[in-house]
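Novice: Sharing a structure here in structure tokens format.
The values are calculated or read from the model by the stated rules, or taken from the named source; none is laboratory data. These numbers were taken from a predicted model, which means no experiment stands behind them. As a convention, Cβ positions derive from the backbone with ideal geometry for all residues, glycine included, and neighbour counts pool all protein chains shown. When the accessible area is computed, the model is the full protein with side chains, heavy atoms only, and any ligands, DNA or RNA have been set aside. Shrake-Rupley method; radii C 1.70, N 1.55, O 1.52, S 1.80 Å.
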There are 2 protein chains.
Amino acid sequence: MSKLVIVGTVAFDAIETPFGKTDKILGGAGTFIGLAASNFNVDSSVVSIVGGDFPQEYLNLLTERNIDISGIEIVKDGKTFFWSGKYHNDMNSRDTLVTELNVLEHFNPVVPENYKDAEVVMLGNLHPSVQMGVLNQMNKKPKLVVLDTMNFWMDCALEELHNTIKHVDVITINDEEARQLTGEYSLVVAARKIHKMGPKYVVIKKGEHGALLFHDDDMFYAPALPLENVFDPTGAGDTFAGGFTGFLAKTEDYSFENMKKAVIYGSTLASFCVEKFGTERMVNLKTDEVQKRLRQFKQLTQFEIELK
Amino acid sequence: MSKLVIVGTVAFDAIETPFGKTDKILGGAGTFIGLAASNFNVDSSVVSIVGGDFPQEYLNLLTERNIDISGIEIVKDGKTFFWSGKYHNDMNSRDTLVTELNVLEHFNPVVPENYKDAEVVMLGNLHPSVQMGVLNQMNKKPKLVVLDTMNFWMDCALEELHNTIKHVDVITINDEEARQLTGEYSLVVAARKIHKMGPKYVVIKKGEHGALLFHDDDMFYAPALPLENVFDPTGAGDTFAGGFTGFLAKTEDYSFENMKKAVIYGSTLASFCVEKFGTERMVNLKTDEVQKRLRQFKQLTQFEIELK
């Protein structure tokens, strides 16, 4: 089993959806990725930063899941990163109401010494230079580097993003971002262009429409499980990335065939994430629930056709 | 092999996409459905209406594919239905530029005598009363009635639509239409509501995101094959419906398991349709091309995961 380093925000979120609203609750890409990856019992470390206002119980929640938090810097007199957003009626789009960077403004990630030999690195959505800063601390080239990013960095840090992407094996972005990054409408053509930027594997997240995995001329399309209730989409993409990466770190098989399974695990975990506010569903997730949903995924997608 | 009755427009289309534009070319739901179904060598009849301006070569094109055209009324001094549209850059939306109903305004479909015992009926997108008029002519209740419709009829003929839907086994609509028809955002909940309106099977077409099949608590999700070039989406939904229905008529198996295959065949044929303007790709489609693409569909979607 490979060690896994995760860098990403550990934060407060306040969320409003058509189904209700929350006060400040536990959020952040690093949190969702870590919780998702913890389903695979991998030896993982979350590298992040929080303020003195961050509750010990949230940190305990991570350590209880065997997530190493020695890489989470606590700035005693600082405030934790806070994001607040409101989802529209269709849940596919949202407005950001508040973004208080707070301690994140001066985030200088430090990978714990005993994780500098980790074979798998998951770079959660952050400034691409911060992501690169983590890679630079590794003792040797990791066997797998997964990067998540978003349109914001394409708008305001494109050069740095290109520099970081060069060192990445897998990139996860959504369909609109893939189009923005490449100027190509066809996702097939966009993925090919992204391959040339560095990543041998491109995962395109399509929210309720599923996820696509591209590698050279190979494609794999995992639909999202249609759900009765989508309560809060926050963290679904990070949960996908955490499940994807956690499964690969666990199995130590970085082939296209195994990545297909990793996409299915990522989609399965993300399908739980959206059923409750914030991390609530992920924190209470049980192994047999995951197995049951994997079975549903098979039923949803598998078919028999005889070819001539 | 079951006989298949198809009702739908046979028309002229003029199409503009970011990749070019056409003069008046062969179009219409009945045409696309018929061409798609003809891949299964079923005994099918297209019921429609055209004007005296409709070229004999277009009719020949149908008969060459063993499509019975005795149900296509030719109004010598009338003009053929004409639709013109322009697709936006993302190809997911379009503006209608011209709609000339012409002979369609007084379309009174007449099912040929030797097709009144057909076991499968495909009601292409038309006024729901016209669709019902076809069903009323059948000698006995068909084994399978498939209905395609659109938001336009929900806006201006909802009561008639509800009356027709009652007599239907399978409905095919897109995701937005399913939401409009039921007032439900979740497609799972929407499908359940539509079941109660009559159709035991609900197919939700999601364009480039694939198609969903619902039956009681069973779900099947066939993604669309990601394509390098989408040239013209016109007729893709009808081609899907024609492939779906043609396969079922051919195999005479109307179970959920077989409908999954029918969805895959429909998606496969639709993936060809969009590669050229109008019917061009469908007219020149070869069996081994279809087989090759079915193989691609399997590769795209099939995975192995061991469950505990």
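Novice: State the number of residues belonging to the range B:213-228 that are open to solvent by less than 30 Å² (accessible area, probe 1.4 Å), outside any strand (DSSP E or B) and more than 7 Å from chain A (Cβ to nearest Cβ).
Specialist: 2
Novice: Please go through the range A:44-76 and pick out each residue that is closer than 12 Å to A:VAL5 by Cα and under 17 Å from the mean Cα position of the chain (by Cα).
Specialist: A:SER44, A:SER45, A:VAL46, A:VAL47, A:SER48, A:ILE67, listed by residue number.
Novice: For the range A:252-308, give me every one of the helices (runs of 4 or more DSSP H) that falls completely inside it and has 2 or more residues that are more than 10 Å from chain B (Cβ to nearest Cβ), surrounded by 15 or more Cβ atoms within 10 Å (Cβ to Cβ) and in contact with a Phe, Trp or Tyr (Cβ under 9 Å, 6 or more places away or on another chain). I'd like the intermediate steps shown before the answer.
Specialist: Values: elements: A:256-273, A:280-283, A:287-301.
Ranges flagged: A:256-273, A:280-283.
Novice: May I pose another question? Residue by residue through the range A:184-209, note down the ones that are within 13 Å of chain B (Cβ to nearest Cβ), open to solvent by 10 Å² or more (accessible area, probe 1.4 Å) and either touching a Pro at 6+ places or on another chain (Cβ under 7 Å) or not acidic (Asp, Glu) (or both).
Specialist: Of everything in the range A:184-209, those that are within 13 Å of chain B (Cβ to nearest Cβ), open to solvent by 10 Å² or more (accessible area, probe 1.4 Å) and either touching a Pro at 6+ places or on another chain (Cβ under 7 Å) or not acidic (Asp, Glu) (or both) turn out to be A:TYR185, A:SER186, A:LEU187, A:VAL188, A:VAL189, A:ARG192, A:LYS193, A:LYS205, A:LYS206, A:GLY207, A:HIS209.
Novice: Take the residues of the range A:157-177 that are in a helix (DSSP H, G or I) and buried (at least 17 other Cβ atoms within 10 Å of the Cβ): which is nearest to the other protein chains (Cβ to nearest Cβ)?
Specialist: Initial filter on the range A:157-177 (in a helix (DSSP H, G or I)): A:158-165, A:175-177.
Now restrict to residues that are buried (at least 17 other Cβ atoms within 10 Å of the Cβ): A:161, A:164-165, A:175, A:177.
Working: A:LEU161: 24, A:THR164: 26, A:ILE165: 21, A:ASP175: 9, A:GLU177: 15 Å.
Taking the candidates together, the pick is A:ASP175.
Novice: What is the residue count in the range A:242-251 for residues that are open to solvent by less than 30 Å² (accessible area, probe 1.4 Å) and either of a type in the set (Phe, Trp, Tyr) or within 12 Å of chain B (Cβ to nearest Cβ) (or both)? Outline the logic, then answer.
Specialist: As a first pass, look at the range A:242-251 and keep what is open to solvent by less than 30 Å² (accessible area, probe 1.4 Å): A:242-249.
Checking which are either of a type in the set (Phe, Trp, Tyr) or within 12 Å of chain B (Cβ to nearest Cβ) (or both) leaves us with A:244, A:247.
Total meeting the criteria: 2.
Novice: Turning to a different aspect of this structure: Against the condition among the hydroxyl-bearing types (Ser, Thr, Tyr), part of a helix (DSSP H, G or I) and more than 12 Å from chain A (Cβ to nearest Cβ), how does B:THR239 come out, does it pass? Full working, then the answer.
Specialist: On the way: among the hydroxyl-bearing types (Ser, Thr, Tyr): yes; part of a helix (DSSP H, G or I): yes; more than 12 Å from chain A (Cβ to nearest Cβ): yes.
Criteria met by B:THR239.
Novice: Name the one entry in B:SER38, B:SER70 that is within 23 Å of B:TYR115 (Cβ to Cβ), open to solvent by 70 Å² or more (accessible area, probe 1.4 Å), outside any strand (DSSP E or B) and away from every other protein chain (no Cβ under 14 Å). Steps first, answer last, please.
Specialist: Details: B:SER38 fails: open to solvent by 70 Å² or more (accessible area, probe 1.4 Å).
Of the residues listed, the single one that is within 23 Å of B:TYR115 (Cβ to Cβ), open to solvent by 70 Å² or more (accessible area, probe 1.4 Å), outside any strand (DSSP E or B) and away from every other protein chain (no Cβ under 14 Å) is B:SER70.
Novice: Could you check how many residues of the range A:75-115 are surrounded by fewer than 19 Cβ atoms within 10 Å (Cβ to Cβ) and in a loop (DSSP other than H, G, I, E, B)?
Specialist: Looking only at that region, the number is 12.
Novice: Would you mind telling me which numbered condition in (1) within 28 Å of B:PRO226 (Cβ to Cβ); (2) open to solvent by 20 Å² or more (accessible area, probe 1.4 Å); (3) touching a residue at least 40 places away in the same chain (Cβ under 8 Å) B:GLN180 fails?
Specialist: Result: B:GLN180 passes all but (3).
Novice: Return the pair list, or none, for Cβ contacts closer than 7 Å from residues in the range A:199-221 that are free of Cβ contacts under 8 Å to residues at least 24 places away in the same chain to residues that are assigned to a strand (DSSP E or B), at least 6 apart or on different chains.
Specialist: Qualifying pairs under 7 Å: A:TYR221/A:LEU212.
Novice: If you don't mind, another one. In contact (Cβ under 8 Å) with a residue 24 or more places away in the chain and more than 19 Å from A:GLY246 (Cβ to Cβ), is that true of A:LYS116?
Specialist: Values: in contact (Cβ under 8 Å) with a residue 24 or more places away in the chain: no; more than 19 Å from A:GLY246 (Cβ to Cβ): yes.
Taking the combined requirement at face value, the residue does not satisfy it.
Novice: What pairs can you find where one residue is in the range A:237-258 and charged (D, E, K, R) and at pLDDT 95 or above, the other is in a helix (DSSP H, G or I) and buried (at least 24 other Cβ atoms within 10 Å of the Cβ), and their Cβ atoms are less than 7 Å apart, with a gap of 6+ or different chains?
Specialist: Every condition considered, the pairs that remain are A:ASP238/A:ALA29; A:ASP238/A:PHE32; A:ASP238/A:ILE33.
Novice: Additional query: Quick test for you: out of B:VAL145, B:VAL134, pick the one residue that is of a type in the set (Val, Ile, Thr) and assigned to a helix (DSSP H, G or I).
Specialist: Numbers: B:VAL145 fails: assigned to a helix (DSSP H, G or I).
Unique residue meeting the criteria: B:VAL134.
Novice: Does A:VAL120 satisfy the criteria of being more than 14 Å from chain B (Cβ to nearest Cβ), crowded, with 17+ Cβ neighbours inside 10 Å, touching a Lys or Arg at 6+ places or on another chain (Cβ under 8 Å) and more than 19 Å from A:THR9 (Cα to Cα)?
Specialist: Numbers: more than 14 Å from chain B (Cβ to nearest Cβ): yes; crowded, with 17+ Cβ neighbours inside 10 Å: yes; touching a Lys or Arg at 6+ places or on another chain (Cβ under 8 Å): yes; more than 19 Å from A:THR9 (Cα to Cα): no.
For A:VAL120, the condition - more than 14 Å from chain B (Cβ to nearest Cβ), crowded, with 17+ Cβ neighbours inside 10 Å, touching a Lys or Arg at 6+ places or on another chain (Cβ under 8 Å) and more than 19 Å from A:THR9 (Cα to Cα) - is not met.
Novice: Checking B:ALA118 against (1) farther than 30 Å from A:HIS209 by Cα; (2) of a type in the set (A, V, I, L, M, F, W, C); (3) assigned to a helix (DSSP H, G or I): exactly one of these is not met. Which one?
Specialist: (3)
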